[in-house]
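Below you'll find the structure, written out as structure tokens, and then a few comments.
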Amino acid sequence: MSLSLRRFEECDLAHLDTWSHAVGAHKFMQKVTPLNYSSPEDFDKWGENFVWFAIAIEDIAIGGVWVDRRRPGDSLGILGIIIGRPDVLGKGIGRRSISVAIREAVRILGITRVRLTVRKANERAIRAYRSCGFEVSGEGKAALEDGTVISFYRMETEPLGEGPVLTETEPLGEGPVLTETEPLGEGPVLTETEPLGEGPVLTETEPLSEGPVLPVT
């Protein structure tokens, strides 16, 4: 099984609703796109306000991962991810994709700190985020659209821009991105994540969000 990341493009937008419903993300997520994305015109902000990658297996897109600037010019990034194929969860795809996205956000956007939110009850996801270097930095409560109130942790990491992620150093979105041809390794997996909006609603996917491609190792 070959895992790769490439720049998310307008043609990938058509898959978002399918991915969201396939994993039940529509029940929890406010957005399955970067916070700084509202319409296709916003793709021009790629590399300035956010980095956004399509996650692909055998060259077929199965989800997306992104890091937004919290505010214009800010060095704080907000992480989001969706994986819309339930049959590939549990193979470390989320963890690896997050590592690559953060590394590229550091290189392209100059991000020095990355934040996310996760439900306190989601112990498996918390363990997976810790494996990516995140630690709890706060907590709170949020209300879903149906009025359900859930407790969540805010988690953050200060990436060094290093890690066993890329096997080539070409900039993402300018040519093939991350490619990995070895079997996906096992280990802690993200079975859900939140695209990290810091509004009144907890955005999260359940279970865990064309150019040349990068091999992921």
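Laid out as a table, the results:
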| read-out | value |
| --- | --- |
| Straight-distance crosslink candidates among lysines, where the alpha carbon sits under 28 Å from Lys141 and sequence neighbours closer than 8 are dropped | Lys27, Lys31, Lys120 |
| Test item: Cα-centred dipole of region 32-100, Lys/Arg +1 and Asp/Glu -1 on Cβ, debye | 360 debye |
| Potential lengthening between Asp42 and His21 on full extension [0.36 nm per residue; Cα-Cα distance subtracted] | 5.1 nm |
| Cβ-placed point charges (K, R +1; D, E -1), dipole of region 24-155 about Cα centre in debye, nearest 20 | 620 debye |
| Interchain or long-range residues, amide H under 5 Å from Asn122's placed H | none |
| Relative contact order, percent, region 50-143 [alpha-carbon distance under 8 Å, six or more residues apart] | 25 percent |
| Label point distance in nm, Thr112-Ser75, each placed 7 Å from Cα along Cα→Cβ | 0.1 nm |
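We did not get these values from a lab; they are worked out from the coordinates using the rules stated. As the structure is a computational prediction, the values presented were derived from the model and not from experiment. Here Cβ is always computed from backbone atoms with ideal geometry, including for glycine, and neighbour counts include all displayed protein chains.
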